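Every number here is computed from the coordinates shown, using simple stated rules; none is lab data. All values reported here derive from a predicted model rather than from experimental measurement. Cβ atoms come from the backbone with ideal geometry, glycine included; neighbour counts cover every protein chain shown.
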Amino acid sequence: MITRDTITLTQLGGDECVITGSIAQNNIPVLEENYVAKMNANNGFSGKRLFRRIASIPEVAHLKAFQDGYNLDNPKDLRRFLNDNPDYMTVRAIDTGASGQIIIK
């Protein structure tokens, strides 16, 4: 939830404009939720193990990452960002070392 934003649009003429501003967000609830998820024994998997959440990144942190040169749509950049900012991870490690094969008994 964004708590404050001040965005200004300045028309330069013709089709050109400049957007300036700042956005503030309280990241503490997201960080607390990530910590609880990291301590949970299911390692980020959903109840039926259909998907796995590895991170929860607040919008303001996403924008800051973009400004810092990270492309969070690129898996390598996402891993680099999460290695630099482990508080946004909801699991202890993205790769557990397991083979990824499902064992049915």
Original post:
Taking the inverse of the average 1/r across all pairs of different Cα atoms in the range 26-88, what Kirkwood radius in Å do you get?
Top reply: 12.6
Subject >> Relative contact order (percent, whole number), the range 26-88, Cα cutoff 8 Å, 6+ residue spacing >> reply: 31
Subject >> Candidate values [x] 32, 29, 25; [y] 69, 26, 24; [z] 40, 30, 24, label of the one derived for Cα extents along the principal axes in Å >> reply: [y]
Subject >> the range 1-92: trypsin sites (Lys or Arg not before Pro) in DSSP loop, at most 15 other beta carbons within 10 Å >> reply: Lys48, Arg49, Arg53, Arg92
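With charges set only on the Cβ (+1 for Lys and Arg, -1 for Asp and Glu), what does the dipole of the chain come to about its Cα centre, in debye to the nearest 20?
For this selection, approximately 840 debye.
What fraction of the DSSP beta bridges in the chain is antiparallel, stated in percent and rounded to the nearest 5?
Antiparallel bridges: around 100 percent, rounded to the nearest 5.
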Original post:
Suppose every K and R has +1 on its Cβ and every D and E has -1 on its Cβ; what is the size of the dipole of the range 26-88 about the Cα centre, in Debye to the nearest 20?
Top reply: 420
Original post:
When Lys and Arg each count +1 and Asp and Glu each count -1, what net charge do the other residues less than 12 Å away from Ala65, Cβ to Cβ, add up to?
Top reply: -3
